[in-house]
Amino acid sequence: MTEDSQRNFRSVYYEKVGFRGVEEKKSLEILLKDDRLDTEKLCTFSQRFPLPSMYRALVWKVLLGILPPHHESHAKVMMYRKEQYLDVLHALKVVRFVSDATPQAEVYLRMYQLESGKLPRSPSFPLEPDDEVFLAIAKAMEEMVEDSVDCYWITRRFVNQLNTKYRDSLPQLPKAFEQYLNLEDGRLLTHLRMCSAAPKLPYDLWFKRVWDKVVSGSCKILVFVAVEILLTFKIKVMALNSAEKITKFLENIPQDSSDAIVSKAIDLWHKHCGTPVHSS
(Lines give C-alpha, C1' and ligand atoms only; values in the text may rest on other atoms or scores of the structure.)
Protein backbone atom coordinates (compact mmCIF):
# COMPACT_ATOMS: atom_id res chain seq x y z
CA MET A 1 0.00 0.00 0.00
CA THR A 2 1.45 3.41 -0.99
CA GLU A 3 1.88 6.23 1.51
CA ASP A 4 -1.04 8.19 -0.03
CA SER A 5 -3.37 5.20 0.03
CA GLN A 6 -2.39 4.45 3.63
CA ARG A 7 -3.19 8.03 4.56
CA ASN A 8 -6.53 7.90 2.71
CA PHE A 9 -7.39 4.64 4.44
CA ARG A 10 -6.57 6.11 7.86
CA SER A 11 -8.57 9.27 7.11
CA VAL A 12 -11.63 7.23 6.13
CA TYR A 13 -11.23 5.10 9.27
CA TYR A 14 -10.91 8.16 11.51
CA GLU A 15 -14.03 9.67 9.96
CA LYS A 16 -16.01 6.49 10.58
CA VAL A 17 -15.03 6.35 14.27
CA GLY A 18 -15.57 10.08 14.82
CA PHE A 19 -12.04 11.46 14.61
CA ARG A 20 -12.25 13.31 11.34
CA GLY A 21 -9.17 15.36 10.64
CA VAL A 22 -6.99 13.81 13.37
CA GLU A 23 -3.89 13.79 11.19
CA GLU A 24 -4.56 17.30 9.90
CA LYS A 25 -4.93 18.60 13.47
CA LYS A 26 -1.57 17.08 14.41
CA SER A 27 0.06 18.64 11.36
CA LEU A 28 -1.30 22.06 12.30
CA GLU A 29 -0.10 21.70 15.89
CA ILE A 30 3.41 21.00 14.59
CA LEU A 31 3.28 24.17 12.47
CA LEU A 32 2.09 26.22 15.45
CA LYS A 33 5.01 25.07 17.62
CA ASP A 34 7.58 26.87 15.48
CA ASP A 35 9.18 29.90 17.17
CA ARG A 36 8.50 31.84 14.00
CA LEU A 37 5.24 30.79 12.38
CA ASP A 38 5.51 30.03 8.67
CA THR A 39 2.65 32.01 7.12
CA GLU A 40 3.11 30.32 3.73
CA LYS A 41 2.61 26.88 5.26
CA LEU A 42 -0.33 28.10 7.36
CA CYS A 43 -1.95 29.50 4.19
CA THR A 44 -1.45 26.20 2.38
CA PHE A 45 -2.88 24.23 5.32
CA SER A 46 -5.90 26.52 5.61
CA GLN A 47 -6.66 26.16 1.92
CA ARG A 48 -6.41 22.37 1.95
CA PHE A 49 -8.07 21.51 5.28
CA PRO A 50 -10.68 22.98 7.66
CA LEU A 51 -9.12 24.71 10.67
CA PRO A 52 -9.96 23.18 14.08
CA SER A 53 -12.07 25.71 16.00
CA MET A 54 -9.58 25.81 18.91
CA TYR A 55 -6.84 27.18 16.62
CA ARG A 56 -8.93 29.21 14.17
CA ALA A 57 -8.62 32.63 15.86
CA LEU A 58 -4.85 32.30 16.28
CA VAL A 59 -4.26 31.26 12.66
CA TRP A 60 -6.57 33.98 11.34
CA LYS A 61 -4.85 36.65 13.43
CA VAL A 62 -1.46 35.64 12.03
CA LEU A 63 -2.66 35.38 8.41
CA LEU A 64 -4.48 38.73 8.61
CA GLY A 65 -1.45 40.48 10.09
CA ILE A 66 -3.06 41.17 13.47
CA LEU A 67 -0.27 39.16 15.11
CA PRO A 68 3.34 38.90 13.90
CA PRO A 69 4.81 35.47 13.09
CA HIS A 70 7.05 35.48 16.20
CA HIS A 71 5.40 33.80 19.22
CA GLU A 72 7.33 35.90 21.74
CA SER A 73 5.65 39.08 20.49
CA HIS A 74 2.06 37.81 20.59
CA ALA A 75 1.17 38.78 24.17
CA LYS A 76 2.56 42.32 23.87
CA VAL A 77 0.98 42.96 20.45
CA MET A 78 -2.43 41.75 21.65
CA MET A 79 -2.10 44.00 24.70
CA TYR A 80 -1.70 46.98 22.33
CA ARG A 81 -4.61 45.76 20.19
CA LYS A 82 -6.80 45.55 23.30
CA GLU A 83 -5.78 49.04 24.47
CA GLN A 84 -6.67 50.47 21.06
CA TYR A 85 -10.00 48.59 21.10
CA LEU A 86 -10.88 49.99 24.55
CA ASP A 87 -9.82 53.54 23.61
CA VAL A 88 -12.01 53.57 20.51
CA LEU A 89 -14.92 52.01 22.40
CA HIS A 90 -14.61 54.63 25.14
CA ALA A 91 -14.60 57.46 22.58
CA LEU A 92 -17.81 56.14 21.01
CA LYS A 93 -19.50 55.96 24.39
CA VAL A 94 -18.45 59.52 25.24
CA VAL A 95 -20.06 60.86 22.06
CA ARG A 96 -23.06 58.57 22.73
CA PHE A 97 -22.77 56.64 19.49
CA VAL A 98 -22.95 53.34 21.37
CA SER A 99 -24.08 52.22 24.80
CA ASP A 100 -24.03 48.99 26.80
CA ALA A 101 -27.31 48.09 25.07
CA THR A 102 -25.90 48.42 21.52
CA PRO A 103 -25.66 45.05 19.72
CA GLN A 104 -22.04 43.94 19.58
CA ALA A 105 -21.86 43.76 15.77
CA GLU A 106 -23.06 47.37 15.57
CA VAL A 107 -20.41 48.37 18.11
CA TYR A 108 -17.75 46.84 15.85
CA LEU A 109 -19.18 48.74 12.88
CA ARG A 110 -19.08 52.09 14.68
CA MET A 111 -15.52 51.40 15.83
CA TYR A 112 -14.50 50.59 12.26
CA GLN A 113 -16.22 53.74 10.97
CA LEU A 114 -14.49 55.91 13.55
CA GLU A 115 -11.05 54.46 12.86
CA SER A 116 -11.48 54.78 9.11
CA GLY A 117 -12.83 58.35 9.28
CA LYS A 118 -16.32 57.35 8.10
CA LEU A 119 -18.40 57.79 11.25
CA PRO A 120 -21.67 59.53 10.29
CA ARG A 121 -22.84 62.66 12.11
CA SER A 122 -25.61 60.72 13.84
CA PRO A 123 -26.25 57.04 14.72
CA SER A 124 -29.70 57.45 13.16
CA PHE A 125 -28.27 57.97 9.65
CA PRO A 126 -29.17 55.06 7.33
CA LEU A 127 -26.45 52.47 6.75
CA GLU A 128 -24.53 52.35 3.48
CA PRO A 129 -24.32 49.03 1.53
CA ASP A 130 -20.71 48.59 2.71
CA ASP A 131 -21.91 49.01 6.30
CA GLU A 132 -24.47 46.23 5.79
CA VAL A 133 -21.70 43.96 4.49
CA PHE A 134 -19.56 44.76 7.54
CA LEU A 135 -22.47 43.98 9.87
CA ALA A 136 -23.18 40.65 8.16
CA ILE A 137 -19.54 39.61 8.44
CA ALA A 138 -19.33 40.78 12.06
CA LYS A 139 -22.44 38.79 13.02
CA ALA A 140 -21.09 35.65 11.36
CA MET A 141 -17.69 36.19 12.99
CA GLU A 142 -19.32 36.46 16.43
CA GLU A 143 -20.49 32.86 16.04
CA MET A 144 -16.91 31.68 15.49
CA VAL A 145 -14.75 33.96 17.65
CA GLU A 146 -15.62 34.32 21.34
CA ASP A 147 -13.28 37.11 22.44
CA SER A 148 -14.65 40.54 21.52
CA VAL A 149 -11.22 42.10 20.89
CA ASP A 150 -10.26 39.21 18.57
CA CYS A 151 -13.63 39.39 16.87
CA TYR A 152 -13.32 43.11 16.11
CA TRP A 153 -9.78 42.91 14.79
CA ILE A 154 -10.45 39.84 12.66
CA THR A 155 -13.63 41.36 11.21
CA ARG A 156 -11.87 44.66 10.51
CA ARG A 157 -8.89 43.06 8.75
CA PHE A 158 -11.12 40.60 6.89
CA VAL A 159 -13.28 43.44 5.52
CA ASN A 160 -10.15 45.36 4.52
CA GLN A 161 -8.92 42.29 2.66
CA LEU A 162 -12.22 42.03 0.78
CA ASN A 163 -12.06 45.72 -0.13
CA THR A 164 -8.48 45.60 -1.38
CA LYS A 165 -7.17 42.18 -2.36
CA TYR A 166 -10.48 40.85 -3.68
CA ARG A 167 -12.11 44.03 -4.98
CA ASP A 168 -11.49 43.07 -8.60
CA SER A 169 -11.99 39.33 -8.14
CA LEU A 170 -15.38 39.25 -6.41
CA PRO A 171 -17.39 40.70 -9.35
CA GLN A 172 -15.95 37.95 -11.56
CA LEU A 173 -17.20 35.09 -9.37
CA PRO A 174 -20.69 34.70 -10.94
CA LYS A 175 -19.15 34.36 -14.40
CA ALA A 176 -16.60 31.83 -13.14
CA PHE A 177 -19.43 29.97 -11.36
CA GLU A 178 -21.34 29.56 -14.61
CA GLN A 179 -18.17 28.45 -16.40
CA TYR A 180 -17.41 25.65 -13.92
CA LEU A 181 -21.02 24.60 -13.44
CA ASN A 182 -21.29 24.23 -17.21
CA LEU A 183 -18.26 21.92 -17.16
CA GLU A 184 -19.79 19.80 -14.39
CA ASP A 185 -23.44 19.85 -15.45
CA GLY A 186 -24.48 21.97 -18.45
CA ARG A 187 -28.12 20.90 -18.18
CA LEU A 188 -28.38 22.28 -14.64
CA LEU A 189 -26.90 25.61 -15.75
CA THR A 190 -29.36 25.78 -18.65
CA HIS A 191 -32.24 25.26 -16.20
CA LEU A 192 -30.99 28.09 -13.95
CA ARG A 193 -30.72 30.41 -16.94
CA MET A 194 -34.19 29.52 -18.21
CA CYS A 195 -35.60 30.39 -14.78
CA SER A 196 -33.46 33.58 -14.59
CA ALA A 197 -32.15 32.24 -11.28
CA ALA A 198 -28.39 32.43 -11.89
CA PRO A 199 -28.03 36.14 -10.96
CA LYS A 200 -30.13 35.70 -7.81
CA LEU A 201 -28.23 32.86 -6.12
CA PRO A 202 -27.53 33.55 -2.40
CA TYR A 203 -23.74 33.76 -2.68
CA ASP A 204 -23.50 35.79 0.54
CA LEU A 205 -25.08 33.01 2.62
CA TRP A 206 -22.75 30.40 1.13
CA PHE A 207 -19.78 32.67 1.64
CA LYS A 208 -19.32 32.00 5.35
CA ARG A 209 -18.95 28.25 4.80
CA VAL A 210 -15.41 28.80 3.61
CA TRP A 211 -13.97 31.57 5.81
CA ASP A 212 -10.68 29.70 6.31
CA LYS A 213 -10.01 29.57 2.58
CA VAL A 214 -10.78 33.25 2.05
CA VAL A 215 -8.70 34.41 5.03
CA SER A 216 -5.77 32.33 3.77
CA GLY A 217 -5.78 33.90 0.37
CA SER A 218 -8.45 32.68 -2.03
CA CYS A 219 -11.94 33.88 -2.85
CA LYS A 220 -12.22 31.58 -5.88
CA ILE A 221 -13.18 28.74 -3.54
CA LEU A 222 -16.58 30.49 -3.30
CA VAL A 223 -17.20 29.54 -6.93
CA PHE A 224 -16.78 25.85 -6.20
CA VAL A 225 -18.92 25.99 -3.06
CA ALA A 226 -21.71 27.45 -5.19
CA VAL A 227 -21.18 24.79 -7.88
CA GLU A 228 -21.18 21.96 -5.34
CA ILE A 229 -24.35 23.24 -3.63
CA LEU A 230 -26.14 23.20 -6.99
CA LEU A 231 -24.82 19.72 -7.80
CA THR A 232 -25.78 18.39 -4.36
CA PHE A 233 -29.36 19.65 -4.62
CA LYS A 234 -29.68 19.20 -8.37
CA ILE A 235 -32.84 17.06 -8.27
CA LYS A 236 -34.70 19.56 -6.10
CA VAL A 237 -33.49 22.58 -8.10
CA MET A 238 -34.42 20.99 -11.43
CA ALA A 239 -37.95 20.43 -10.09
CA LEU A 240 -38.43 24.13 -9.31
CA ASN A 241 -39.54 26.40 -12.15
CA SER A 242 -38.98 29.97 -10.99
CA ALA A 243 -36.07 32.08 -9.76
CA GLU A 244 -37.99 32.94 -6.58
CA LYS A 245 -38.60 29.28 -5.65
CA ILE A 246 -35.01 28.28 -6.44
CA THR A 247 -33.57 31.16 -4.43
CA LYS A 248 -35.86 30.50 -1.46
CA PHE A 249 -34.89 26.82 -1.42
CA LEU A 250 -31.17 27.58 -1.69
CA GLU A 251 -31.36 30.13 1.13
CA ASN A 252 -32.63 27.41 3.44
CA ILE A 253 -30.52 24.38 2.59
CA PRO A 254 -29.83 22.11 5.60
CA GLN A 255 -26.94 23.27 7.78
CA ASP A 256 -25.91 19.68 8.49
CA SER A 257 -24.86 19.33 4.86
CA SER A 258 -22.25 22.11 5.17
CA ASP A 259 -19.21 19.97 5.97
CA ALA A 260 -19.83 17.52 3.14
CA ILE A 261 -20.47 20.33 0.64
CA VAL A 262 -17.31 22.23 1.58
CA SER A 263 -15.25 19.03 1.42
CA LYS A 264 -16.55 18.23 -2.08
CA ALA A 265 -16.09 21.88 -3.12
CA ILE A 266 -12.41 21.70 -2.13
CA ASP A 267 -12.10 18.53 -4.25
CA LEU A 268 -13.65 20.39 -7.20
CA TRP A 269 -11.33 23.33 -6.61
CA HIS A 270 -8.30 21.05 -6.72
CA LYS A 271 -9.68 19.22 -9.75
CA HIS A 272 -9.99 22.39 -11.83
CA CYS A 273 -7.18 24.51 -10.35
CA GLY A 274 -4.69 22.05 -8.89
CA THR A 275 -3.75 22.79 -5.29
CA PRO A 276 -3.85 26.59 -5.26
CA VAL A 277 -1.81 28.73 -2.92
CA HIS A 278 -2.71 32.42 -2.62
CA SER A 279 -4.97 32.20 -5.66
CA SER A 280 -7.51 34.96 -6.03
(request) Please compute the net charge surrounding SER122, taking Lys and Arg as +1 and Asp and Glu as -1 over other residues with Cβ under 12 Å from its Cβ. (result) +3
(message) Please compute the per residue accessible area over the stretch 83-182 with all protein chains in place, 1.4 Å probe, rounded to a whole number of Å².
(response) 57
(message) With θ taken as phi - 60° and the coefficients 6.51, -1.76 and 1.60, list the Karplus ³J(HN,Hα) couplings across the stretch 45-59 in order, rounded to whole Hz; mark glycine and proline as x.
(response) 4, 5, 7, 8, 9, x, 7, x, 4, 5, 10, 4, 4, 4, 5
(request) Between beta-carbons, use under 15 Å as the cut-off and find the net charge around ASP185, counting Lys and Arg +1, Asp and Glu -1. (result) +3
(message) Could you work out what % of the accessible surface of the stretch 154-280 is carbon and sulfur, using a 1.4 angstrom probe and leaving DNA, RNA and ligands out of the count?
(response) 51
(request) Any chance you could run the full-extension gain for GLU72 through GLN84? It's 0.36 nm times the residue separation minus the Cα-Cα distance, nm to one decimal. (result) 2.3 nm
(message) Tell me whether the chain comes out rounded, prolate or oblate; compute the Cα gyration tensor, take square roots of the eigenvalues as a ≥ b ≥ c, and use a/c under 1.5 as the rounded threshold.
(response) oblate
(message) Could you check the spin-label model distance between GLU29 and GLU142? Points 7 Å from the Cα along Cα→Cβ, value in nm.
(response) 3.3
(request) Which order do the peptides 92-103, 149-160, 31-42 take when ranked by the mean count of other beta-carbon atoms within 10 Å per residue, highest first? (result) 149-160, 31-42, 92-103
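The values are calculated or read from the model by the stated rules, or taken from the named source; none is laboratory data. No experiment lies behind these values; they were computed from the predicted model shown. Positions of Cβ are backbone-derived with ideal geometry, glycine not excepted, and every protein chain shown enters the neighbour counts. Quick note on the areas: whole protein, heavy atoms, side chains included, nothing else; ligands and nucleic acids left out. Shrake-Rupley method; radii C 1.70, N 1.55, O 1.52, S 1.80 Å.
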